[in-house]
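Encoded as structure tokens, the structure appears first; notes follow it.
The values are calculated or read from the model by the stated rules, or taken from the named source; none is laboratory data. Since the model is a prediction, treat every value here as computed from it, not as a measurement. All Cβ positions, glycine included, derive from the backbone under ideal geometry; neighbour counts span all protein chains shown.
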Amino acid sequence: MKAAAKAHTNIALIKYWGKRDEPLILPMNSSLSLTLDGFYTATSVDFRNDLSTDHFYLNEQFVTGAEKNRVTAFLDRIRAAAGKPDAFAEIHSTNHVPTAAGFASSASGFAALAAAAAKAIGLSADEQQLSILTRQGSGSACRSVYGGFVEWEKGTLSDGSDSYAVPVASANYWDIRVAAVILSSAEKKILSREGMRRTVDTSAYYPAWVDSIPNDLAAIKEGIAAKDIEKVGEIAEANCLRMHATTLAANPPFSYWQSTTVSIMQTVQDLRATGVPAFFTIDAGPNVKVLYTPEHEEKVRNMLQNITGVHDVKVSKPGEGVSYI
Ligand code: DP6
């Protein structure tokens, strides 16, 4: 009863921001992402008869506390689905993601864990079922089941059976780049889970956010179909700014940005004024991702690397979905 899987992170171009059901992780809005080849998690799950609890190792370190509890709670769902409530596992997960720099690894982490655990326990799940399972570990992770451009359809049913990711365009469909700009000091103070909860509960701008999504989604899919970097980039950047605006109108208000975050945003907009089609997006943290086409690689990379407060720039291409090792 052992299996191993690998999954890449994804960056949302249309953000998932807010839940309508917390335990099942059902979103208020549909979202759309690009899976990235540069960052991934590899996870093995071994269900063993001699275990009476799960043992979780992350980057070879034995993990206890909240992080381990989240993994166990997720495996409880897999055990329940498989009808094997007493099957406990040893889990080894390796993150090829700069987590210490405040980089999200939950998307690749839960996608790899779901795939490996489902296979190891003998649960036959197609990609759609795998996406539904993965979603219950971390919402954005359900998109990492697929490569390339991926939409997470929010669904309407209360049991979550129609809330899953669907592929929009495969990893080799369009050769574009995403530069992940990593800040020197990037402690994530408000987790996305808490941040989105506070925003849904208190932000006066939240209803406007939800209302804006259908147009953004339709337009960005047109842009992807036309391989139009200007259109895709403009919509992604505007959608990111609108998401972050909701946090400023929350009570108490908050922001994920640091001064370097704003410097990077300005640099990208300055670059654009010189004719380089580069666009930024930012998740629930201070790091910035920059979208552009490969012919601008050198210029974009040089500009980003020279910003004070930038620790590193890691460039990704579109990545593949979950695979078994
Ligand atoms: C801003 O998927 O980390 O990155 O479902 O609570 O685990 P949970 O949240 P998570 O939130 C991601 C939010 C985001 C936008 C996005 O990836 O769509």
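Observations on the structure shown:
- Yes/no for Asn10 being within 12 Å of the ligand (Cβ to nearest atom) and assigned to a strand (DSSP E or B): yes
- Restricting attention to region 237-263, the residues being touching a helix residue (DSSP H, G or I) at 6+ places or on another chain (Cβ under 7 Å), under 16 Å from Phe280 (Cβ atoms) and part of a helix (DSSP H, G or I) number 3.
- Of the residues Gly160, Gly155, the single one that is within 13 Å of the ligand (Cβ to nearest atom) and farther than 27 Å from Ser316 by Cβ is Gly160.
- Considering region 144-176, the residues that are of a type in the set (A, V, I, L, M, F, W, C) and not in a loop (DSSP other than H, G, I, E, B) include one that is nearest to Trp17 (Cα to Cα), namely Trp152.
- Where a residue in region 290-313 is under 12 Å from Val178 (Cβ atoms) and its partner, wherever it lies, is of a type in the set (A, V, I, L, M, F, W, C) and assigned to a helix (DSSP H, G or I), with Cβ under 6 Å and at least six apart: Val290/Val268; Tyr292/Val300; Thr293/Ile229; Val313/Leu304
- Residues of region 13-27 that turn out to be near the ligand (Cβ under 9 Å from one of its atoms) and surrounded by fewer than 21 Cβ atoms within 10 Å (Cβ to Cβ), as a count: 2
- Number of positions in region 148-174 that are surrounded by fewer than 12 Cβ atoms within 10 Å (Cβ to Cβ) and of a type in the set (D, E, K, R): 1
- Given (1) within 22 Å of the chain's Cα centre (by Cα); (2) crowded, with 16+ Cβ neighbours inside 10 Å, number of the condition Glu67 does not satisfy: (2)
- Single residue of region 36-78 satisfying the filter (β-branched (Val, Ile, Thr) and out of contact with any strand residue (DSSP E or B) (no Cβ under 8 Å at 6 or more places or on another chain)) that is farthest from Ala114 (Cα to Cα): Thr64
- The lone criterion from (1) under 14 Å from Asn29 (Cβ atoms); (2) surrounded by 15 or more Cβ atoms within 10 Å (Cβ to Cβ); (3) away from the ligand (no atom under 12 Å from the Cβ) left unmet by Ala180 is number (1).
- Some residue of region 266-281 being part of a loop (DSSP other than H, G, I, E, B) and buried (at least 18 other Cβ atoms within 10 Å of the Cβ): yes
- Filter result for Asn95 (assigned to a strand (DSSP E or B) and more than 13 Å from the ligand (Cβ to nearest atom)): yes
- Boolean, Ala284 is outside any helix (DSSP H, G or I) and either closer than 19 Å to Leu32 by Cα or in contact with a strand residue (DSSP E or B) (Cβ under 8 Å, 6 or more places away or on another chain) (or both): yes
- The residues on offer are Ser52, Ser144, and the sole one that is over 27 Å from Leu26 (Cβ atoms) and hydroxyl-bearing (Ser, Thr, Tyr) is Ser52.
- Sole residue being assigned by TED's automatic domain parsing to the domain that holds Gln136 and assigned to a loop (DSSP other than H, G, I, E, B), chosen from Leu75, Leu51: Leu51
- Residue selection: Lys15 satisfies the criterion of being touching a residue at least 24 places away in the same chain (Cβ under 8 Å), farther than 16 Å from Lys119 by Cα and of a type in the set (Lys, Arg).
- A residue that is of a type in the set (Gly, Ala, Ser), more than 15 Å from the ligand (Cβ to nearest atom), free of Cβ contacts under 8 Å to residues at least 12 places away in the same chain and surrounded by fewer than 21 Cβ atoms within 10 Å (Cβ to Cβ) cannot be found anywhere in region 246-255.
- Filtered residues of region 28-45 (kept if buried (at least 24 other Cβ atoms within 10 Å of the Cβ) and farther than 21 Å from Phe56 by Cα): Ser31, Leu32, Ser33, Leu34, Thr35, Leu36
- Screening Ser44, Ser33 for residues that are within 11 Å of the ligand (Cβ to nearest atom) and of a type in the set (S, T, N, Q) leaves exactly one candidate, Ser33.
- Screening Gly109 with (1) of a type outside the set (Ser, Thr, Tyr); (2) in a helix (DSSP H, G or I); (3) more than 14 Å from the ligand (Cβ to nearest atom) gives one miss only, at (3).
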